[in-house]
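Everything below concerns the one structure shown next.
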Amino acid sequence: MSLTLLPRRLPLLRANPFRLYSTSPAPPTTRPRRMPKPVDPPPPSFLALLDFLAVPKPAESAVPPLVAVALSHLNAPGLIANALDYWAECVEEKGQGGEGKALEVVRAREGLSGKEAKQIELALRMREAVFMSWPLVGFPKTIVSLSTLSYHLERTSPTLSSHLTSIERSLSPPPAHADPTSPPPLWNAVYSAHSPAVTAHLSHAHPSLPSSAFQHIYASILSRPGVLAPEEASLLAFASCLAVGTPAQAKGHWVGSGNLAGPERRREVAQAVYAVNQWAGAAVPRDQVPFMEGVEDYKGRWTEREQKPRL
């Protein structure tokens, strides 16, 4: 018995698979945002490290922001949140406050107590330092650090997080730098008489390095107004170079930061960043940074029972 095959219609359906359905677009679907898991409690050795640093006025000190930069390089965003919580508890009601627009903007918020305003200022300065360090520490690590900190604040301090987000959105960008071939004011303030030699050294390494440093690091990032002062921006460049383990660049920024920051402030920043790296087992040998006079070695280490920072 023979079978009569019907003409195949599947090619028509393949050519236009949606012809049997409505041509109206499907309504957009919105998935609820998935919150990452909470930040782990700080390991005991990390709390011992923060005790060693002994920051008396965390809302105005340069140590918390620049320790956050060092931890961002170590790819330890949870520890940044732990450090913020630790120092937020150390903030006092009176007698503290930074200089510049950061505290001025925070104090303008209504309904905030003195301690709440200073805690917001502390968080603002730490987040700003992590953001400003991205050209030196790395953009992917900066994304992870800031994202973790945002989720942590939303979960643990919703009111603080709301005020912080509003303040950050209100900050003005730095003034445009019209000529990428000329150094911006902050560059000249840091390098002073050494500016031509530093520029020539960068140009010898690669012809595009000077203009990239002028335009994309010093003009658009390190010159951001409103939160960190210029001297803190110069210390941020030094702290970043020390954290990532480039002694030659760290020495150059150590010398340059001396044109803006006092010796004691430079020493406490160097002490803090170097101690963080020593604790994590990532510090450069001491003989490679002999210029850091007065900086003590930190003997504490993370233990095998604790999770090692991911380098």
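The values are calculated or read from the model by the stated rules, or taken from the named source; none is laboratory data. Everything numeric in this text was worked out from a predicted model, so none of it was measured. Cβ placement follows ideal geometry from the backbone for every residue including glycine, while neighbour counts extend to all protein chains displayed. These area figures cover heavy atoms from the full protein model, side chains too; ligands, DNA and RNA do not enter into them. Shrake-Rupley method; radii C 1.70, N 1.55, O 1.52, S 1.80 Å.
Only one entry in 138, 114 is more than 15 Å from residue 57 (Cα to Cα) and either surrounded by fewer than 24 Cβ atoms within 10 Å (Cβ to Cβ) or within 15 Å of the chain's Cα centre (by Cα) (or both), namely 138.
Does any residue of the range 228-244 turn out to be part of a helix (DSSP H, G or I), surrounded by fewer than 16 Cβ atoms within 10 Å (Cβ to Cβ) and among the small types (Gly, Ala, Ser)? No: zero hits. Cβ-Cβ distances below 7 Å connect the following pairs, each with a first residue in the range 248-266 that is over 13 Å from residue 236 (Cβ atoms), a second residue that is surrounded by fewer than 19 Cβ atoms within 10 Å (Cβ to Cβ) and among the aromatic types (Phe, Trp, Tyr), and a separation of six or more residues or different chains: 251/291. Counting only residues that are part of a helix (DSSP H, G or I), among the acidic types (Asp, Glu) and exposed (fewer than 15 other Cβ atoms within 10 Å of the Cβ), the range 260-305 holds 2 of them. Within the range 164-176, the residues that satisfy the criterion of being assigned to a helix (DSSP H, G or I) and either under 21 Å from residue 36 (Cα atoms) or over 19 Å from the mean Cα position of the chain (by Cα) (or both) are 164, 165.
Is it true that residue 99 is in contact with a helix residue (DSSP H, G or I) (Cβ under 6 Å, 6 or more places away or on another chain), surrounded by fewer than 21 Cβ atoms within 10 Å (Cβ to Cβ) and either of a type outside the set (S, T, N, Q) or at pLDDT 90 or above (or both)? No; evaluated as a whole, the condition is false for this residue. Evaluate the range 252-259: report whether one residue or more is modelled with pLDDT of 90 or more, open to solvent by less than 10 Å² (accessible area, probe 1.4 Å) and hydrophobic (A, V, I, L, M, F, W, C). Within the range 252-259 (the criterion being modelled with pLDDT of 90 or more, open to solvent by less than 10 Å² (accessible area, probe 1.4 Å) and hydrophobic (A, V, I, L, M, F, W, C)), the answer is no, since none of the residues qualifies. Total residues in the range 215-227 satisfying the condition of being among the charged types (D, E, K, R) and either surrounded by 20 or more Cβ atoms within 10 Å (Cβ to Cβ) or part of a helix (DSSP H, G or I) (or both): the figure is 0. In this structure, residue 104 does satisfy being farther than 25 Å from residue 246 by Cα, modelled with pLDDT under 80, open to solvent by 60 Å² or more (accessible area, probe 1.4 Å) and part of a helix (DSSP H, G or I). Inside the range 192-214, residues that are surrounded by fewer than 11 Cβ atoms within 10 Å (Cβ to Cβ) and not hydrophobic (A, V, I, L, M, F, W, C) make up a count of 4.
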